[in-house]
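What follows is a set of notes on a single structure, which appears directly below.
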Amino acid sequence: MNWQQLISNKRLGQEDRHALRHDDRSEFKRDSDRLIYSAPFRRLQNKTQVFPLPGSIFVHNRLTHSLEVASLGKSLGDDVARKLMKIHPELRGTLFEEIGTIVQTACYAHDMGNPPFGHSGEKAIQSFFTEGPGVCLKEKVSKRFWDDITHFEGNANAFRLLTHRFLGRREGGFVMTYTTLASIVKYPFSSAFAGKHGKFGFFSTEEDTYKKIADELGIIEKEHTEEGIRYVRHPLVYLMEAADDICYEIMDIEDAHKLKLLSFEETAELLLGFFDEETKRSIRQRIEDEGVTDKNEQVVYFRACAVGLLEAECVNAFVEHEQEILQGTFEGSLIKHISELPCKAYKHCAEVSVREIYRSKTVLDVELSGYKIMETLMNDLIGAAVNPEHFHSQQLIRRFSSQYDIQSSDLETRIMAVIDYISGMTDIYALDIYQKINGISLPII
């Protein structure tokens, strides 16, 4: 793959207008603005990241997480561009200089396809078809569609959200640039290749769209069968992924300290574990010199130091492995290729997070509640899609927004309309619909 082809501002759905555009460098910024001002992006403020939506203590939700990931992604892209342009001076004055903005935009978009209640919501959608009442639909739909819905994935749903032409919308969905769209696809293959980890990059309904983008950008195709396609990643995906990896791991540690799941001493040990002893002393000395005695503020400083180190390490890893990345032979994430000490510290943070945070009662409670809410919504709304002639089905169908093709004569289209509708809900809206369906809450008369 080559950078000149990989970075393109051609827009999905407006290819015929590409030759008429002259303000090249603003196109990627327009992508960014288009997402920030969109309703799906705003709804991220009411979607669970890890912890339940805040009461008296404000922790991260999907929106604040995405904003922080985007900020870090911009730094990663800008720093990589600066270093690689020294190695490849021919890239100066080209669209390559804009990769910081492209990665930033991909980071804004990376969680937009996630359903309510985080991974618990994803699992509820999958389980409805693999373990619940939806099992009976297997013989009524195509194998490829069955693979899609039984592996339902927030990443694939994000690509659909940005590219699918919903009813009443324009061709190309959000009409994003090809490179921005390619940069969000962490798993560039069809659901048939999801394997044990269950991840994939696009539903069969958007497979041709991804292929069109990938072929235009010169992304290497690895496999093309009746079951689907598989490509290598667009190089900028590694930077988007690194920003996400760094933020969720380090910020979850900070949130856990605020919620008193981790003590100050435990938190300090984790965040300073990325540095050698001399640097640790230097960091502590600076805090003392500046008179910072507040424990929360000290944690903020430790966190900033850790994030800064990991950013620099990932930039170096990308530059060092540039040729492998362009050849499609690079394996794993950038985090796995950083220096030994920070890599070991990152793994330790991940282990502690699993043990002390992700399995904590606080997180378990929201997962249990969220799963039950999503299970109920799936049961009732898929039931309405399968039997639209029933009286209660008609009542439920009238709740759908006009963009969802719930009235289609095709069963698969109706099922996907339900998944689109539910996955687009915020946590609070999902709870509200759940309560109304179950007669728990009634409108004030």
Once each part is reduced to its C-alpha centroid, what is the distance from segment 88-154 to segment 395-445 in angstrom? 20 Å
Lys and Arg at +1, Asp and Glu at -1: add these up for the other residues within a Cβ distance under 12 Å of I338 and post the number. -2
Among S142, G195, I102, whose Cα projects farthest towards the positive end of the dipole of the chain, with charges put on the beta-carbon of Lys, Arg (+1) and Asp, Glu (-1)? S142
For K29, the aspartates and glutamates lying under 12 Å Cα to Cα, once residues fewer than eight places off in the same chain are dropped, come out as E98
Below 10 angstrom from the Cβ of V232, what's the summed charge of the other residues (Lys, Arg +1; Asp, Glu -1)? +2
Taking a 1.4 Å probe, which of L364, L217, L411 shows the most accessible area, and what order do the others take after it? L364, L411, L217
Give me the percent of the accessible area of segment 339-445 that comes from carbon and sulfur atoms, probe 1.4 Å, all protein chains in place. 55 percent
Residue-ordered couplings for segment 381-386, obtained by feeding phi - 60° into the Karplus form 6.51 cos²θ - 1.76 cosθ + 1.60 and rounding to whole Hz (Gly and Pro as x), are 7, 5, x, 5, 5, 6
Burial-style ranking of 151-157, 376-382, average other-beta-carbon count within 10 Å with highest first, yields 151-157, 376-382
Largest first, what is the accessible-area ranking of I229, I428 with a 1.4 Å probe? I428, I229
Charges on Cβ only, +1 for Lys and Arg, -1 for Asp and Glu, centred on the Cα centroid of the chain; of M240, I87, P116, which one is farthest towards the dipole's positive end? P116
Say each of S402 and Q5 gets a label point 7 Å from the Cα, pointing the same way as Cα to Cβ; how far apart are those two points in nm? 4.3 nm
Per residue, accessible area of the chain with a 1.4 Å probe, heavy atoms of protein chains only, in Å², comes to 45 Å²
What order, most packed first, do the peptides 180-188, 365-373, 200-208, 289-297 have when packing is the mean number of other Cβ atoms within 10 Å of each residue? 180-188, 200-208, 365-373, 289-297
Of the convex hull drawn through the C-alpha atoms of segment 292-428, the volume per residue in Å³ is 207 Å³
Across segment 426-441, in residue order, what do the Karplus-derived ³J(HN,Hα) couplings come to in whole Hz, using 6.51 cos²θ - 1.76 cosθ + 1.60 with θ = phi - 60° and x for Gly and Pro? 7, 4, 5, 5, 4, 5, 4, 5, 4, 5, 5, 4, 8, x, 7, 10
Computing the accessible area with a 1.4 Å probe over protein heavy atoms, can you report the carbon and sulfur percentage for segment 170-290? 42 percent
Return the FRET efficiency for the residue pair R169, E351: r is the Cβ-Cβ distance, R0 is 41 Å, and the value is rounded to the nearest 0.05. 0.40
When we measure straight from the Cα of K196, which aspartates and glutamates land under 15 angstrom away, once same-chain ones fewer than 8 places off are left out? D147, D148, E153
Rounding to the nearest 20 debye, state how big the charge dipole of the chain is about its Cα centre with +1 on each Lys and Arg Cβ and -1 on each Asp and Glu Cβ. 1040 debye
FRET efficiency, L411 to E15 (Cβ-Cβ, R0 30 Å, nearest 0.05): 0.40
Please work out which option in (1) 38, 23, 20; (2) 46, 27, 19; (3) 36, 30, 19 gives semi-axes √(5λ) of the Cα gyration tensor in Å calculated from these coordinates, and answer with its label. (3)
At what distance in angstrom do the alpha carbon centres of segment 258-308 and segment 232-250 lie from each other? 24 Å
Summing +1 for each Lys or Arg and -1 for each Asp or Glu, what net charge is found among the other residues whose Cβ lies under 11 Å from the Cβ of K199? 0
Order D33, D420 by their accessible area, 1.4 angstrom probe, all chains in place, largest first. D33, D420
Which distance in nm do the two modelled labels at K138 and F264 give, with both placed 7 Å along the Cα-to-Cβ direction? 5.6 nm
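The values are calculated or read from the model by the stated rules, or taken from the named source; none is laboratory data. In this text, all values refer to a predicted model and were calculated from it rather than measured experimentally. Here Cβ is always computed from backbone atoms with ideal geometry, including for glycine, and neighbour counts include all displayed protein chains. Remember, those area values only see protein heavy atoms, side chains included, never the ligands or the DNA or RNA. Shrake-Rupley method; radii C 1.70, N 1.55, O 1.52, S 1.80 Å.
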